[in-house]
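Note sheet for the following structure.
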Amino acid sequence: MSKTHDRRTVVGGLGALAAGLALPHALEAQPMNTSADLILFNGKITTLDRQKPEASATAIRDGRFMAVGDEREVMALAAPNTQRIDLNGRRVIPGLIDSHMHIIRGGLNYNMELRWDGVRSLADAMRMLKEQVDRTPAPQWVRVVGGFTEHQFAEKRLPTLDEINAVAPDTPVFILHLYDRALLNAAALRAAGYTKDTPSPPGGEIQRDGQGNPTGLLIAKPNATILYATLARGPKLPPEYQKNSSRHFMREVNRLGVTGVIDAGGGFQNYPDDYAIIEELHREGLLTLRLAYNLFTQKPKEELKDFDTWAKQVRPGQGDDLYRHNGAGEMLVYAAADFEDFKVERPEMPASMETDLEPVVRLLAENRWPWRLHATYNETISRALDVFEKVNRDIPFDGLNWFFDHAETIDDRNIDRIAALGGGIAVQHRMAFQGEDFVGRYGNRAAERTPPIRRMLEAGLPVGAGTDATRVASYNPWVSLSWLVTGKTVGGLTLYPAANRLDREAALRLWTEANTWFSNDTDKKGLIKEGQLADVAVLSDDYFAVAEPAIQDITSVLTLLGGNPVHGDAEFKNLAPPLPAAMPDWSPVRHYGGYQQRAEASDDRKYAFASAACACANACGVHGHSHAGAWGANLPTSDARSFWGVLGCSCWAF
């Protein structure tokens, strides 16, 4: 960005300029008393409107864009009371939309969680952990719940149990890593009630020492039931704190330029009880995002009953532009849900998958409920499509926006089958966090199309992008955009050849215009275009000009929802609406915020913690005291093909 711009927010003024301009022909037909509430000018505005792809100014009235163009024509809509904001030459894009996040559930817990999202060294992560342990009162836990991977750390490893116990001898600590494991210190084992006599549950393993005592390592073998059931044993925030927590989480994603989310439900997210907080915020006018929510069944073998009940309570589209129902999923039936722990073999779906799935899909099609279905593997997608094609012959899906989530290993034939049925695919950047594990199991060649996004687009499928935050991948959209453009993991591994990467504009479309199909909002938002909802992100750095490695570091300095500021930073900081301090007072959010912006750590800092906390006397010449770097590669997988979903898990959290 040019440093010659006066980096200030201009409110008022320029009235004489506007008055002296002739009204452009395109606007002459408008009533003379129609003026803008807000004008943004002196910007590099990427509209994504193919008829008018670039602009320098835009006028907003009643929460919608009323004009987009050059400053001369837009300023003609100014009145004495019109607010004017000088963008100082910054890049402006439509507000980002995440087509797959678990933000409602995530918001209820955000203030309790220490986020390692974006932390680039284990030394820094452990420093944060120790500091949070020191300030967290009993009986509270310190929780690191997803959003990171061992591959992002300079040390390329997770902390050892000895290291965790050294910094937290008395405060319970729970660390969730992807879908494969959780690390608990001794205090957390006591708080969770795990002893020598506690049996490992079906589909999970409590690792033990030579005397049979739990070590603190919980392994998803092959499913995450044990991980999320253990997390659920910790204390919960009271409702007033959950409300505060939800506001802080929304503002955190506003900080990254996000103005819309399609919530994919989740384990332990019961409707309508666990929606009370977000609905209260909606009633009070405190939502800073547009939310479309899907309903996720909670009861294995009772899925049809769940959806039959909900179909009588709520209908798709019910609500308003800020909060409304969006259909079913991502869990439709437990027998049809696979998972993506690439450290172990692909699970086989049970023989009951089709017979369980068909009546639910029939019910949804009959009631014109759109749906989404979690499916990682091509084999699962093939069997689901058999069911969809069968139902479609009896109840045509015409115009029903149904889709698969994830689809990392989908093949060309199934892409074409989805296209023939009028479906879509929502992709997430899970491979940015698990790509190394996938390559380790299946090889580099197999990873080149995980997922094959270019092939999906060539087939004419609706394709949208999202994060699947918060318990696996991070909620940061710029990490996803970096992954789409560079083809690299957060650990720096290149997964995709140029043929399966997107240019920057194509990637941005998946995060804006394309995602409106998945919430049935086409032509309502996603572009900076006359008549559409005025959702905007003014960027810290120019997305179209920064070097590729810097894409993931972009934030928003001004985010507008319906023309109203929901986040402000830098020269726009004074426009940010007030937000109460994070509650409780020991919340990690008060001290660290959420996603940690990248900072280069010196070599001395990278390994300082490992040396200080390791109890051994022998330092490896290559890894120093990081002896545990490869322990995760030796997990037993003998029963990984056994299916876990029919075992009664209702706490699996995507």
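List of remarks:
- Residue in region 280-288 that is assigned to a loop (DSSP other than H, G, I, E, B), farther than 23 Å from N515 by Cα and at pLDDT below 95 present: no
- Across region 60-73, the number of residues qualifying as more than 10 Å from K529 (Cα to Cα) and in contact with a Leu (Cβ under 7 Å, 6 or more places away or on another chain) comes to 4.
- Yes/no for R509 being buried (at least 23 other Cβ atoms within 10 Å of the Cβ) and of a type in the set (K, R): no
- Residues of region 543-596 satisfying the condition of being part of a helix (DSSP H, G or I), surrounded by fewer than 16 Cβ atoms within 10 Å (Cβ to Cβ) and not small (G, A, S): E548, P549, K573, N574, R590, H591
- Residues being touching a residue at least 24 places away in the same chain (Cβ under 8 Å) and either of a type in the set (S, T, N, Q) or on the phi > 0 side of the Ramachandran plot (or both) - total across region 472-490: 6
- Scanning region 203-256 for residues that are of a type in the set (S, T, N, Q) and either in a helix (DSSP H, G or I) or free of Cβ contacts under 8 Å to residues at least 40 places away in the same chain (or both) turns up Q207, Q211, N213, T225, T230, Q242, N244, S245, S246, N254.
- Selection count where residues are touching a residue at least 60 places away in the same chain (Cβ under 8 Å) and either of a type outside the set (D, E) or part of a helix (DSSP H, G or I) (or both), scope region 179-202: 3
- Going through (1) in contact (Cβ under 8 Å) with a residue 40 or more places away in the chain; (2) in a helix (DSSP H, G or I); (3) under 24 Å from T297 (Cβ atoms) one by one, D405 falls short only on (2).
- All positions within region 526-572 that are more than 16 Å from G43 (Cβ to Cβ) and in contact with a Ser or Thr (Cβ under 6 Å, 6 or more places away or on another chain): G526, E548, I551, Q552, T555, L561, V566, H567
- Close pairs from region 267-296: first under 17 Å from F307 (Cβ atoms), partner of a type in the set (D, E), Cβ under 7 Å, at least 6 apart: Y293/D263; N294/D263; N294/E330; F296/E330
- Test: residue in region 521-539 that is under 19 Å from the mean Cα position of the chain (by Cα), under 30 Å from D37 (Cα atoms), among the small types (G, A, S) and part of a loop (DSSP other than H, G, I, E, B): yes
- Selection count where residues are of a type in the set (V, I, T) and surrounded by fewer than 17 Cβ atoms within 10 Å (Cβ to Cβ), scope region 435-455: 0
- Tallying residues that are part of a helix (DSSP H, G or I) and either crowded, with 23+ Cβ neighbours inside 10 Å or in contact (Cβ under 8 Å) with a residue 60 or more places away in the chain (or both) within region 416-429 yields 1.
- Just one of the listed residues (R501, R509) is among the charged types (D, E, K, R) and free of Cβ contacts under 8 Å to residues at least 60 places away in the same chain, namely R501.
- For T47, the criteria (1) surrounded by fewer than 19 Cβ atoms within 10 Å (Cβ to Cβ); (2) under 14 Å from A534 (Cα atoms) hold in every case but one, which is (1).
- Flag for D98 being free of Cβ contacts under 8 Å to residues at least 24 places away in the same chain, in contact with a Ser or Thr (Cβ under 6 Å, 6 or more places away or on another chain) and either charged (D, E, K, R) or over 26 Å from E505 (Cα atoms) (or both): no
- Screening Y323, Y334 for residues that are in contact with a Leu (Cβ under 9 Å, 6 or more places away or on another chain) and at pLDDT 95 or above leaves exactly one candidate, Y323.
- Counting the residues of region 469-509 that are within 18 Å of R120 (Cα to Cα), part of a helix (DSSP H, G or I) and among the hydroxyl-bearing types (S, T, Y) gives 2.
- In region 479-493, residue surrounded by the most Cβ atoms within 10 Å (Cβ to Cβ) [restricted to those that are hydrophobic (A, V, I, L, M, F, W, C) and under 14 Å from the mean Cα position of the chain (by Cα)]: W483
- Pick from region 187-219, criterion in contact with a helix residue (DSSP H, G or I) (Cβ under 6 Å, 6 or more places away or on another chain) and aliphatic (A, V, I, L, M), ranking: surrounded by the most Cβ atoms within 10 Å (Cβ to Cβ): L218
- Residues of region 55-78 that turn out to be more than 28 Å from L291 (Cα to Cα) and free of Cβ contacts under 8 Å to residues at least 60 places away in the same chain, as a count: 9
- Only a single criterion out of (1) within 30 Å of N42 (Cβ to Cβ); (2) under 18 Å from the mean Cα position of the chain (by Cα) is not satisfied by V472, namely (1).
- Selection from region 512-539 of residues that are in contact (Cβ under 8 Å) with a residue 40 or more places away in the chain, of a type in the set (D, E) and surrounded by fewer than 19 Cβ atoms within 10 Å (Cβ to Cβ): E530
The values are calculated or read from the model by the stated rules, or taken from the named source; none is laboratory data. If you're wondering where the values come from, they're calculated on a predicted model, not measured in any experiment. For neighbour counting, all protein chains shown are included, and Cβ atoms are generated from backbone atoms with ideal geometry for every residue, glycine included.
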